[in-house]
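See structure below.
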Amino acid sequence: SSDLAAMAQEIAPTARIVNPIDERQLVTLKGTVHPLANARNDRGAVPADMKLDRLHLVLKRSDSQESALRQLIGDMHAPGTASYHKWLTPDQFGKQFGPSDQDVAAVSTWLAGHGFSVTKVNPGKQTIEFSGNAGQLAAAFHTQIHKYEVNGETHFANAIDPQIPAAIAPVVGGFVSLNNFRLKSYSHYLGSAQYSPKTDTATPDWTVGSSTTGYNFVLAPADFAVQYDLNPLYAAGVNGNQQTIAIINEANINVGLVNQFRSLFGLPVNPPQVIIDGNDPGINGINNPDGPNYATSEAYIDVEWSGAVAPNATIELVIGGDTALGNGLSFAAERAIYGNLAPVISLSFGECEAFLGSGGNGFFSNLWEQAAAQGITVMVSSGDAGAAACDNDNTQFYAINGQNVNGLASTPFDVAVGGTDFFYSQYNGTSKALNAQLATYWSFTPSNSTPAVSILGVIPEQPWNDSQYGLNLFLANPSNIVGGGGGASAVYSPKPAWQSGTGVPADSARDLPDVSLFAANGWNASYYPVCANDGDCQPVSSTGTVQISGYGGTSVSAPAFAGIMALVNQQYGPQGQADFVLYPLATQFPAAFHDVTVGTNSEPCDFSDGTPDCIAVKNPEVNNGVTEGQIGKGTTPLYNAGVGYDLASGLGTVDANLLVTDWGKVKFASTTTTLTPSSTTFAHGTAITVSGTRSE
């Protein structure tokens, strides 16, 4: 049956554009208008001669191709099958699962006929890149590009859904993007702090959260190695050697600052590489059409912390500049996968499924699916707004858009990485109680090691959720809706076959996160040290302290887990969609995970405003006329941690040593696949239908 499947896949794809292209017979590409491209923000149509560079038209697979691809990916991840770990190259992927050359030529000719300059068909044959102007776009796709003002920034976006000739609809799926609204970075900056390399403690320059206790313990790389049991791996030479991690971003960095981070924390000399797709966006994305995007700090976080966990791995920062209607992150992600740059990829940005729309959700699902077929493991941050991914965790005290998840992380083909905080069981909101707990897990005396280590052992964890503190003793106002993202997808159903085990909801949906790591931003006295700003990694005075920046967010947990995956790859080779192993590993070797059983990532919501999924709570707080509720369904808040899998922390955090050690011991249910062709004799290039059943 495997030979038959391989034979079927090698057949050249059938042409699906079979009718003449009639510009009067149109179909609408629905779900492409961004919610912020609304009448309130509209400032009118752009000039017809406005230049539009690097437009990407998405080419879709046929149903039979998609079915064959799903089966092949399943076989690639199932030991004992003929396809196990036989990953495709981008060109092989395009030949088997892209449109026919005839169809690609037909679409390209149609674009050229409307005056567009067709630049290339990307490897994998998933997208066609072309350029033109707003007038040509309006004439060909029957849509208008308008200018929008949002929070003082100028953006460009389509005002109505585009239309295409019905004849090309079997092949054309839409656009990667028709706007330059930015995807959100999932990092939370606290400020600068004065770090002592000798004691592994820091004196922060901020005054929020538990910094008022007088103690701050940064989770430095050596501390992280204790918390997640990395040191036995390092001692055995499992350190990322000969592995590569690609970091997706939209801004450049000063490599020297990364080198200083590595020196400060005793990491080997191993400078990152920078790969630029298209125009160099510059430091903080200064070349963006709607102004700087300030994404460089995110790049430093991801490069430094993936390299801190896998110190000998090659770290590639893959970046792209925005265009008038394109996002540099999308260009960078395409470059990493279409170029097959690395078997591990990390992305710390996102947007809720509802705001991505059908085009964005479809594009990233298809892109991560190609990655899985090429043996690439894609890590994506689950988000920083708890169960409310469509709300702004940087500005809002209360959620107003109901339960949502990050659409870049909710596909069946990536590993969604959530966030935790340390859990101090006796902490009752006072400095004295917190300090007593800190003394249980952290050393208050200088360390004799180099670099310094102040963590005493594994600290219990809870879902990261700043909003749980509410009106606390440290602030006069509630926290923003800040916490590790999680919940059920509203786009991807049924649930992936690999997502099973204790605690997994019977909700017929892709749930996230899959795993979590520490992501907190200082409320419990700990956060990640990063060298990302002017003065960082530089001695402050004769006291021997060094300035660092404090950060939290699933922005850090995702690249940190990418580092752990590089260690897995060093032992076992590329893994593709690692969830195929992570879930049975949690069932068969539960000690490889730190189960998170207390806490929640549910967020407060505006109960007085008819907010979706907002339920009443006991003793609600009222602030500025807002009556606080809790995000939930019916009468149940979303989502509580519990035994096994949960929608706040996924499978929990990990014991990296046991995770890597036990990875190759996982046993899979035997599968039998029966394929039935519609014909047993066929000429090369002739389409056949292959139906099948799989039993376990």
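Observations on the model:
- Failed item in (1) part of a strand (DSSP E or B); (2) more than 27 Å from the chain's Cα centre (by Cα); (3) among the aliphatic types (A, V, I, L, M), with ALA39 passing the rest: (1)
- Per the conditions (1) under 24 Å from GLU628 (Cβ atoms); (2) in contact (Cβ under 8 Å) with a residue 40 or more places away in the chain; (3) touching a Gly at 6+ places or on another chain (Cβ under 9 Å), the sole criterion not satisfied by GLU351 is (1).
- Test: residue in region 269-287 that is closer than 18 Å to GLN547 by Cα and open to solvent by 40 Å² or more (accessible area, probe 1.4 Å): no
- First in region 44-61 and farther than 14 Å from ASN180 by Cα and part of a strand (DSSP E or B), second anywhere and open to solvent by 60 Å² or more (accessible area, probe 1.4 Å) and not polar (S, T, N, Q), Cβ under 7 Å, 6 or more apart: GLY44/LYS147
- Condition check for GLY80: of a type in the set (Gly, Ala, Ser) and either part of a helix (DSSP H, G or I) or open to solvent by less than 10 Å² (accessible area, probe 1.4 Å) (or both): no
- Listed by first and then second residue, the pairs linking a residue in region 528-550 that is within 16 Å of VAL303 (Cα to Cα) and among the aromatic types (Phe, Trp, Tyr) to a residue that is part of a loop (DSSP other than H, G, I, E, B) and open to solvent by 20 Å² or more (accessible area, probe 1.4 Å), with Cβ atoms under 6 Å apart and 6 or more places separating them unless they lie on different chains, form an empty list.
- Subset tally (residues that are in contact with a His (Cβ under 7 Å, 6 or more places away or on another chain) and in a helix (DSSP H, G or I)) for region 538-593: 1
- Residue list for region 123-165, filter: assigned to a loop (DSSP other than H, G, I, E, B) and among the hydrophobic types (A, V, I, L, M, F, W, C): ALA159, ILE160
- Out of TRP305, TRP368, sole residue that is modelled with pLDDT of 95 or more, open to solvent by less than 20 Å² (accessible area, probe 1.4 Å) and within 30 Å of ALA37 (Cα to Cα): TRP368
- If you go through region 575-602 and pick out every residue that is farther than 15 Å from THR661 by Cβ, over 19 Å from the mean Cα position of the chain (by Cα) and open to solvent by 10 Å² or more (accessible area, probe 1.4 Å), you end up with 8.
- Within region 131-172, being open to solvent by less than 40 Å² (accessible area, probe 1.4 Å) and touching a Ser or Thr at 6+ places or on another chain (Cβ under 6 Å) holds for SER131, ASN158, PRO162.
- The number of residues in region 88-99 that are surrounded by 20 or more Cβ atoms within 10 Å (Cβ to Cβ) and part of a loop (DSSP other than H, G, I, E, B) comes to 3.
- Every test in (1) at pLDDT below 95; (2) more than 23 Å from TYR441 (Cα to Cα); (3) not charged (D, E, K, R) is passed by THR600 save one, and that test is (2).
- On inspection, THR450 fails the criterion of being modelled with pLDDT under 90, closer than 30 Å to ARG510 by Cβ and of a type in the set (Val, Ile, Thr).
- Conditions (1) open to solvent by 10 Å² or more (accessible area, probe 1.4 Å); (2) among the charged types (D, E, K, R); (3) at pLDDT 95 or above; (4) within 20 Å of ASN122 (Cα to Cα); number of the one not met by GLU334: (1)
- Each residue in region 308-318 was checked for being open to solvent by less than 10 Å² (accessible area, probe 1.4 Å), under 20 Å from ALA532 (Cα atoms) and out of contact with any Lys or Arg (no Cβ under 9 Å at 6 or more places or on another chain), and 4 of them qualify.
The values are calculated or read from the model by the stated rules, or taken from the named source; none is laboratory data. It should be emphasised that the depicted structure is a prediction, and the values quoted were computed from it without experimental measurement. We place every Cβ from the backbone using ideal geometry, glycine too, and count neighbours over all the protein chains shown. Each accessible area value is taken on the protein alone, full model and side chains, heavy atoms only, with ligands, DNA and RNA left out. Shrake-Rupley method; radii C 1.70, N 1.55, O 1.52, S 1.80 Å.
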